[in-house]
Amino acid sequence: MKHALPGSPLTLALLLISCGEEEKQAESHGGGSHRPVIAAVSYPLAYFAERLSSDFATVLYEVPTDQDPAFWEPGDEQITAIQEADLILLNGATYAKWVSTRTLPGETTVVTSSSFRDRLMETEGTLKHTHKEGEEAHSHDGLAFTTWLDFKQASAQASEIALALGERFPERKSTVMTRLDALLEDLNNLDTGMATATSGLGNAPVIVSHPVYQYWARAYSIVAPSLLWEPDMELTPGDMAALARIREEAPGATLFIWEDDPLPKNIEKLKRIGLTSVVISPCGNRPESGDFLSVMRANIAALQALSN
Ligand SMILES: [Zn+2]
């Protein structure tokens, strides 16, 4: 192999790298300190990153609270900010559809679900629909993406983030790992809490309003046929017919799961035909109050209350 001559591309590349390093060090030691930026495509990932790195990094997560991060389209400036982040945390499983149409730097991009990529589930034939008026229609076809509702998978994603943080910021590794222990303990408590709460439901199927509960159903052994309903939609005769068909295919259901508080009249309508409404928020976006942990605890408490 030839030696790299001065001025060859390799030397140039090395020179560029060392300049970059010096600049970075100057930035972190000088007055204008560079606080690392960790970009996240979903709120659960942002929450995990905040728990693990809030003492030394800023988490970049800009999805408006009235939008679904799975289908949100960032603007060009927002994409540039994400591309320039020190770490970019992806959910994987085709979450955040914009990711597939843009180029992200391989060195800083982390697919947090990679350790269980062979356990990702397919969703079938769900129709195009909109969640909000004026929103572009989307379908849930392809891979199911609400990975974190199986709290063991959430733990794997949190661990993947901690690992990436430790590699990128070796001087922070031991504090990150201590913080990971605390986070994993919380997630483990959610896992046992959810297992206990769902065991009280027996073997009856549970009807879910939207195709986002696949991993939750698998993790806690629940049969969960799905509709394409929104909590605040007007239920038409066609919607009620779709529900009736599902009940015929999966008889015995008495429970109906919503992503958020449904309209009171929707609760009433279901009650009249023998279905109890329960909210299990996937918490894909930042909640109006509380955080990932408090929302998941409320989900568990809502299920627990049914068997009391
Ligand atoms: Zn949808």
- Selected residue (criterion: surrounded by the most Cβ atoms within 10 Å (Cβ to Cβ)) from residues of segment 204-219 that are part of a loop (DSSP other than H, G, I, E, B) and within 16 Å of the ligand (Cβ to nearest atom): Ser209
- Determine if segment 177-197 includes at least one residue that is more than 29 Å from Leu228 (Cβ to Cβ) and either of a type in the set (Lys, Arg) or touching a strand residue (DSSP E or B) at 6+ places or on another chain (Cβ under 8 Å) (or both). yes
- Pairs, please: C-beta under 9 Å, at least 6 apart or cross-chain, first residue over 19 Å from Pro251 (Cβ atoms) and in segment 263-278, second exposed (fewer than 12 other Cβ atoms within 10 Å of the Cβ) and not hydrophobic (A, V, I, L, M, F, W, C)? Leu263/Glu234; Lys265/Glu234; Asn266/Glu234
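Residue by residue, here is whether (1) part of a loop (DSSP other than H, G, I, E, B); (2) at pLDDT 95 or above holds:
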position	(1), (2)
Pro6	yes, no
Gly32	yes, no
Ala49	no, yes
Asp55	yes, yes
Pro69	yes, yes
Ala81	no, yes
- Do we find that Asp239 is assigned to a helix (DSSP H, G or I) and within 16 Å of the ligand (Cβ to nearest atom) in this structure? yes
- Task: Tell me, yes or no, whether segment 94-105 has at least one residue that is surrounded by 21 or more Cβ atoms within 10 Å (Cβ to Cβ), over 23 Å from Asp141 (Cα atoms) and not aromatic (Phe, Trp, Tyr).
- Result: no
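Quick grid of which residues meet (1) under 27 Å from the mean Cα position of the chain (by Cα); (2) loosely packed, with under 15 Cβ neighbours inside 10 Å; (3) touching a residue at least 24 places away in the same chain (Cβ under 8 Å); (4) not in a loop (DSSP other than H, G, I, E, B):
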{"position": "Ser221", "(1), (2), (3), (4)": "yes, yes, no, no"}
{"position": "Leu235", "(1), (2), (3), (4)": "no, no, yes, no"}
{"position": "Arg245", "(1), (2), (3), (4)": "no, yes, no, yes"}
{"position": "Glu248", "(1), (2), (3), (4)": "no, yes, no, yes"}
{"position": "Asp261", "(1), (2), (3), (4)": "yes, yes, yes, no"}
{"position": "Glu288", "(1), (2), (3), (4)": "yes, yes, yes, no"}
{"position": "Met296", "(1), (2), (3), (4)": "yes, no, yes, yes"}
{"position": "Gln304", "(1), (2), (3), (4)": "yes, no, yes, yes"}
- Does Thr196 count as outside the structural domain of Ile88 (by TED's automatic domain parsing) and farther than 28 Å from Leu270 by Cβ? no
- Query: Does Leu201 satisfy the criteria of being at pLDDT below 95 and either among the hydroxyl-bearing types (Ser, Thr, Tyr) or part of a helix (DSSP H, G or I) (or both)?
  - Reply: no
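Residues are listed down the side, and each one gets a yes or a no for (1) within 21 Å of Glu259 (Cα to Cα); (2) touching a Gly at 6+ places or on another chain (Cβ under 7 Å); (3) small (Gly, Ala, Ser); (4) not assigned by TED's automatic domain parsing to the domain that holds Asp260:
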| residue | (1), (2), (3), (4) |
| --- | --- |
| Glu77 | no, no, no, yes |
| Glu84 | no, no, no, yes |
| Leu87 | no, no, no, yes |
| Thr94 | yes, yes, no, yes |
| Ser100 | no, no, yes, yes |
| Gly106 | no, no, yes, yes |
| Val110 | no, no, no, yes |
| Lys128 | yes, no, no, yes |
| Glu136 | yes, no, no, yes |
- Task: Kindly indicate whether any position in segment 135-150 is closer than 24 Å to Gly75 by Cβ, in a helix (DSSP H, G or I) and of a type in the set (Phe, Trp, Tyr).
- Result: no
- Query: Which pairs do you get when a residue that is free of Cβ contacts under 8 Å to residues at least 60 places away in the same chain, found in segment 195-212, comes within reach of a residue that is of a type in the set (Val, Ile, Thr) and away from the ligand (no atom under 16 Å from the Cβ), reach meaning Cβ atoms under 7 angstrom, with the pair 6+ apart or on two chains?
  - Reply: Ala204/Thr254; Pro205/Val223; Val206/Ile222
- Message: Just to be sure I understand, how many residues within segment 263-279 are aliphatic (A, V, I, L, M), part of a helix (DSSP H, G or I) and under 28 Å from the mean Cα position of the chain (by Cα)?
- Response: 1
- Task: Go over the candidates Glu107, Glu77, Glu62 one by one and state the one that is acidic (Asp, Glu), farther than 24 Å from Glu288 by Cβ, part of a loop (DSSP other than H, G, I, E, B) and away from the ligand (no atom under 16 Å from the Cβ).
- Result: Glu107
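The values are calculated or read from the model by the stated rules, or taken from the named source; none is laboratory data. Everything numeric in this text was worked out from a predicted model, so none of it was measured. Virtual Cβ from ideal backbone geometry, glycine too; neighbours counted across all protein chains shown.
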